[in-house]
Structures are given as structure tokens and as C-alpha cells.
1. What are the pairs with Cβ atoms under 6 angstrom where one residue, in segment 68-91, is basic (K, R) and the other, located anywhere, is not in a loop (DSSP other than H, G, I, E, B)? Sequence gap at least six, or different chains.
2. May I ask you to verify whether Y85 is within 30 Å of H14 (Cβ to Cβ) and aromatic (F, W, Y)?
3. Consider segment 28-52. How many of its residues are open to solvent by 90 Å² or more (accessible area, probe 1.4 Å) and closer than 23 Å to Y85 by Cα?
4. Please go through segment 65-109 and pick out each residue that is modelled with pLDDT of 70 or more, over 17 Å from C18 (Cα atoms), among the charged types (D, E, K, R) and surrounded by 12 or more Cβ atoms within 10 Å (Cβ to Cβ).
5. Considering each residue of segment 1-54, count those that are among the aromatic types (F, W, Y), more than 10 Å from the chain's Cα centre (by Cα) and under 13 Å from A79 (Cα atoms), and give that number.
6. Before we move on, is P25 under 30 Å from I87 (Cα atoms), at pLDDT 95 or above and open to solvent by less than 60 Å² (accessible area, probe 1.4 Å)?
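The values are calculated or read from the model by the stated rules, or taken from the named source; none is laboratory data. None of these values were measured; they are calculated from a predicted model. Here the Cβ positions follow ideal geometry from the backbone for every residue, glycine too, while neighbour counts run over all protein chains shown. Each accessible area value is taken on the protein alone, full model and side chains, heavy atoms only, with ligands, DNA and RNA left out. Shrake-Rupley method; radii C 1.70, N 1.55, O 1.52, S 1.80 Å.
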Amino acid sequence: MISLLKKAGAREVHMRVCAPPIAFPCFFGVDMATRWELIAARKTVPEIEEFINADSLGYLSLEGLVKAVALPKDGLCLACLTGDYPIPVQLEMDKLALEALPTEGVHSK
């Protein structure tokens, strides 16, 4: 999108994200990317800014998110943002590991 805006004549593009960077997968029911697929797990904010070719990049802070939802921080699961899971999880488990395998004789295309 940033490249398209610049090709259309924008001299600068400043990206703002209404959440903190997601660097960890959710193991509690939210279908999301693996840790390897999450850009914030592998790159710093300046590196992401360069990667997406933005003139600046800003994320909402964790504190800003907690303030915005107006709930106690200890009542929120912030594991995808902090890596601090409320219960032990198997970090390297594939999200499809518990899916049923096709029954014998059924061939997928």
C-alpha cells in the first residue's frame, strides 16, 4: 500500500498502527500467524519501517492499549504482545497439530 501511495505521488507516508506490535502467536483460540510469520517477532520497529518503506512507523504502546480498553491489566491476556502467557504453552507447536488427519482412503488434491 505504501508503494502504491508513493507511486501515486505521495512524498511521504507515515504509518500508524492502533495496537502494539504482535510478536507472539496466540495459543488460546485466535487463529493467527506463526511466530516466524509475524514481522514484529523478527524485526525491530525501525527495521519494519524500512522494510515497508514508510517514512515513519508508530504503534500504540502496551500502556496505551490497556488505558484504551479501560480494564485492569491483570484481567487481560497480552501474551501475543509480551510473550508472557498466563499458563504454560508449547511454543513450537504448529497450530494445526491437533487437527484431525484425513481418514484412510481419502485423498486430498
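1. Listed pairs, sorted by first residue: K73/V66.
2. On the way: within 30 Å of H14 (Cβ to Cβ): no; aromatic (F, W, Y): yes.
Spelling it out, it is not the case that Y85 is within 30 Å of H14 (Cβ to Cβ) and aromatic (F, W, Y).
3. 5
4. K73
5. 2
6. Here the answer is no, as P25 does not meet what is asked.
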